[in-house]
Structures are given as structure tokens and as C-alpha cells.
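These notes concern the structure reproduced below.
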2 protein chains.
Amino acid sequence: MKLTQLLTIFLMTIGFTSQTLFAAELVKPSPNGISLPKNYKDWKVISMSHRIDNKTLRTILGNDIAITAARAGNTNPWPNGTILAKLVWKQKAEKQWPSAIAPDKFVHAEFMIKNSKKFKATGGWGYARWLGLDQKPYGSDKNVAQECMTCHTPVKDNDWVFTTPAIMP
Amino acid sequence: MKLTQLLTIFLMTIGFTSQTLFAAELVKPSPNGISLPKNYKDWKVISMSHRIDNKTLRTILGNDIAITAARAGNTNPWPNGTILAKLVWKQKAEKQWPSAIAPDKFVHAEFMIKNSKKFKATGGWGYARWLGLDQKPYGSDKNVAQECMTCHTPVKDNDWVFTTPAIMP
């Protein structure tokens, strides 16, 4: 192997590693101090939804604690350490199958982080959202979660969570 | 720790391991000889869709080869070794947010397996589907993929795949 090839492989390795390790750290935290969870795109799927009111599609992913809880039906309350991620896209009709509605432009990624002690004031959950592909933190001050809680109040008795894990084999 | 506690942990470990390792093997293969891919529920998400014609929601997952290809935009053709999984549910309206359409009863899991040599006769893809929570193989004979191909013909120029990977940050 030539020295140039070795050097190329070395630089690609460095590039890949730094991208994986530091990409999330380049994103600014939410105004309430919550940092973007790392590698959330690699989490397993819990459910999905199609909001026909605002024409968006959503996939709901969970970290390992969330997945274990979801599969065991242990979701009211969800255990401490749970993180739920909701990835949201505007909808479009599939060109080759127009009655299939599929993701178009990426809207945002939003998170619920369970820590009954740390987030006691907001029902045991920390809330944060990052907008668009450049993941700009949502909200103007540290009370950003109040808006989230208002919307989640109808599911207060479901540990503040709308999502029911999809039934799987 | 008491002996009974130790025994309980031991039995749970055995149970969990055997469930993980052998559950897929208890499912019968598709009539064309394809076996149910193991641990597909743990794969990462590629996209999702809502088919308003037959009122189903779908999440599309991929094995590691598929995810690497999807994130690199290397999907026409998808590389050999790709497996795409589509999990399908009947739809329902969320009780607490009726304009959100969410998964109800599980319908089936279906797969496309890329091997341009092995599956040359069917466009380089092996097709298989397992119905319901008991994962009964779909189809009555080894030519089951013909029906799949007929449906996928409109996307022949997209390497026979309807799904476009959802754009993510």
C-alpha cells in the first residue's frame, strides 16, 4: 500500500470519528440547558404518527432505557433515564404511489427526558426541541418547557406522553 | 443476595437470551426459502409512510448496510447485503389528539433483500412477508415474489424501491 493511500485512510478515520463524536456538541443547547442527545438517529423505533392537522409525519424513537420499558409495557410511568425522540417532517405524496404520504422537508427533532427529581417542576420530564437541519434550539428562555406542558396536559395521566408504543411481534 | 434471587436472575437471563436468539428461528421461512431476518425490530429507521388508500401506517427500517447506504445517498442501486424491512399497522386516531393518526393492529412485516446474483430473476431483490403477530409466512408457492414485483414495477428505475430515505440532520 502506498503512503498516500495510508494517509487517506488515516484522514478518513479521523474525519469519521470526529464527525461521530463531536457533531452533537456543535449544536447549541436548548435555552433550558438541555443538550441535544447524541446519536439519537441510531435509536430504535417506538412508534410513528401522521398529524393530518398540520400535515406532518413523525417517527418516535427511544434510547435503550425507553425501548426496554416500551417492550415490557412499563410506560406509566416511564422509568428515569428514558429519552423519547420525535423526528418531524412535512408530508408529501409519493410520486409513484400518490396515496402514500411520505416525509418531505425535515421540520425538527424534539425530546422528552425523564428524570423525576431533576425535572420535578415539569412533571418529571425535561423538554427540548431543535429546529431544521441546522438544529437551532427552540425557545427564547429557560421556561420553554411550559409551552410543551400546556400541549401535553391532556395526557397527564399517561405520564405526559402521547405516544403508545406500536404493537410488534 | 439470597439463593432464590440468584436463581431468578439466572432464569431470567436464560429466558431473555433464548427469546432473543431463537424467536426468529421458530418462525417458518417464506415459501421462496427466505428466512425471517433476525432482530429486525432493532434496526434503524430509514423512513415511514401513511397509505391513505388502505389506511395503514408503515415504518421502514434497514440493516447496517442499508443505513450506511441511505445516509450516504448510495441507494440507486442499493448495495448487495441491503435488507429493507417494512412494518405495517392498521391506523387509528389518537384518543387524546384525534387528528394524529397512529398505529393500531399489527398487519405484517415485509422485507426486500438485495443480492444481485442470488435474486437476479427478480430484479436483484428477494421479497418475503410474514403476517400478523404470529408471523405466518405469506404466499402459497416459491414464486411469491412475482406478486411483489408486479406492484414494484413503477419504481423499477429506482432499483425497485418505493422508499426514499427521510432527510435527517
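When segment A:47-61 is filtered for residues that are β-branched (Val, Ile, Thr), at the interface with chain B (Cβ under 8 Å from one of its Cβ atoms) and over 17 Å from B:LYS95 (Cα atoms), only A:THR59 remains. Being within 14 Å of the chain's Cα centre (by Cα) and not aromatic (Phe, Trp, Tyr) is the filter; apply it to segment A:137-169 and report the residue that is surrounded by the most Cβ atoms within 10 Å (Cβ to Cβ). Restricting to residues being within 14 Å of the chain's Cα centre (by Cα) and not aromatic (Phe, Trp, Tyr), the top hit is A:THR163.
Checking each residue in segment A:62-83 for being outside any helix (DSSP H, G or I), of a type in the set (A, V, I, L, M, F, W, C) and over 20 Å from B:ALA100 (Cβ atoms) picks out only A:ILE83. Residues in segment A:112-125 that are out of contact with any Leu (no Cβ under 7 Å at 6 or more places or on another chain) and either within 9 Å of chain B (Cβ to nearest Cβ) or under 27 Å from B:ILE46 (Cα atoms) (or both): A:ILE113, A:LYS114.
Taken residue by residue, segment A:100-120 has at least one member that is surrounded by 13 or more Cβ atoms within 10 Å (Cβ to Cβ), touching a Gly at 6+ places or on another chain (Cβ under 8 Å) and closer than 28 Å to B:HIS152 by Cα. Checking each residue in segment B:123-152 for being at pLDDT below 95 and among the polar types (S, T, N, Q) picks out B:SER140, B:ASN143, B:GLN146, B:THR150. The sole residue among B:LYS118, B:LYS86 that is closer than 25 Å to B:VAL27 by Cα, modelled with pLDDT of 95 or more, in a strand (DSSP E or B) and out of contact with any helix residue (DSSP H, G or I) (no Cβ under 7 Å at 6 or more places or on another chain) is B:LYS86.
The values are calculated or read from the model by the stated rules, or taken from the named source; none is laboratory data. Keep in mind it's a predicted model, so treat the numbers as computed, not measured. Every residue, glycine as well, gets a Cβ built from its backbone with ideal geometry; the counts of neighbours run over all protein chains shown.
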